[in-house]
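K.L.:
Sharing a structure below in structure tokens format, with a few things to ask.
A short reminder: the numbers here are calculations on the coordinates, not readings from a lab. Keep in mind the model is a prediction, meaning the values are calculated, not measured. Cβ: placed from backbone, ideal geometry, glycine included. Neighbour counts: every protein chain shown.
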Amino acid sequence: MSYNLVSSGSGGAFVTQGDFRMRNTARIAVAAAFCFTAAYAIAQQGTKQQQAACKPDVYRLCKEFMPDSGKIYSCLQQNMRKLRPACRKVIS
């Protein structure tokens with residue numbers, strides 16, 4: 001079994017590589033849950049055609065507002081000039 005020294009303030013602690021893997025797995029699981037939640041929120045707004053028209057612009061311009069659909073819509077309106085034509089048509 002391999003151990004790594006992890007410094008924490010005045011002392012250090014030995015942890016296994018398995019501990020690191022478990023922490024990384026937990027981080028990935030939380031990130032995946034966030035992505036699925038955000039995608040689900042987007043999927044709940046508009047028709048499939050509208051979603052397809054605006055999804056790239058949402059990820060490009062407004063992803064920090066996910067999953068709040070109201071804030072996403074406001075962001076898209078504020079960035080009207082930067083939207084692709086298909087999304088601009090949906091928003092206007």
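K.L.:
If I ask for residues that are in a helix (DSSP H, G or I), within 15 Å of Ala52 (Cα to Cα) and touching a residue at least 12 places away in the same chain (Cβ under 8 Å), which ones from the range 73-89 would you list?
P.N.:
Tyr73, Leu76, Ala86, Cys87, Lys89
K.L.:
Let me ask something additional. How many of the residues in the range 48-66 are over 9 Å from Ala86 (Cβ atoms), aliphatic (A, V, I, L, M) and in a helix (DSSP H, G or I)?
P.N.:
Number satisfying all stated conditions: 2.
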